[in-house]
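Just below is one structure, and these are the notes that go with it.
None of the figures in this text is laboratory data; all of them are computed from the coordinates on show. From a predicted model like this one, the values you see are computed outputs, not experimental measurements. A quick note on method: Cβ atoms are made from the backbone with ideal geometry, for glycine too, and the neighbour counts reach across all protein chains shown.
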Amino acid sequence: MNTRTATVERSTAETTIACTVNLDGTGTAEVSTGIGFLDHMLTALARHSRIDIALRCTGDLEVDDHHTAEDCALALGSAIDNALADRRGIVRFGSAYAPLDEALARVVIDLSGRPCPVIDLGLRREMIGGIATENITHFFVSLATTLRAALHADVLRGENDHHRAEAAFKALALALRVAVARTGDNRVPSTKEVL
């Protein structure tokens, strides 16, 4: 059985990133972005998706958190996309609900090859730790873009923005876990025979 791993290195004037994923891992995370809350979310994403994620980023955090959050998402999405190759023999679709205390999130994903993010996290605070809440939403948008996936993420309820964001990442993890799972055949999961 072929291994589904990929490494992406991305270097710009704003960030330098190395990201490696193993879609058939155990959920280990070696993450260092310079943003503690983002590290926490990526660790949860790895753990609950069972995708091994190693991601190191040096970014221009003296400017703000935007470039780091965006570029980490772009690198992670590209790495998962590359690991999926032609997407043969995968389930393709995944959906999940995840609660965190009073918060409840729903994520539905289609690894269709067509990026379409529809994200409504309903975050109200300006910041959670060292990341602007608008950049948490932007992370989901950027991930969907390079993952080439239709990604619908909605937080249905919750009072605490930390809980809302974490529930969304955990729902994303669970939906990804289903979507990237092997079906046991070698077919492209599309009537077009290509994704």
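Could you state the number of Å between the C-alpha centres of the range 1-34 and the range 133-165?
For the range 133-165 versus the range 1-34, the Cα centre distance is 20 Å.
What Kirkwood hydrodynamic radius, in Å, does the range 1-76 give when the mean of 1/r is taken over all pairs of distinct Cα atoms and then inverted?
The answer is 12.4 Å.
Connecting C-alpha atoms closer than 10 Å in a GNM of the chain, tell me which of F169, F93, F140 has the biggest fluctuation.
Its mean-square fluctuation being the largest, the pick is F93.
Once the other residues with Cβ under 15 Å from the Cβ of A44 are scored (Lys, Arg +1; Asp, Glu -1), what is the net sum? Before the final figure, lay out the partial values.
Numbers: positive: R47, R50, R164, K170, R177; negative: E30, D39, D52, D101, E166.
Spelling it out: positives minus negatives among the neighbours equals 0.
If you build the convex hull over the alpha carbons only and average its shadow over all orientations, what do you get for the chain? Give it in nm² to one decimal.
Directional mean of the projected Cα hull area for the chain stands at 10.0 nm².
Roughly what angle does helix 66-84 make with the longest principal axis of the chain, taking Cα atoms, 0 to 90 degrees, to the nearest 10?
Once rounded, the angle reads 10 degrees.
Take the alpha-carbon centre of the range 43-114, take the same for the range 173-188, and report the distance between them in whole Å.
Between the Cα centre of the range 43-114 and that of the range 173-188, the gap is 15 Å.
Using amide H atoms built in the peptide plane, which far-off residues or other-chain residues are under 5 Å from I90 H to H?
T183
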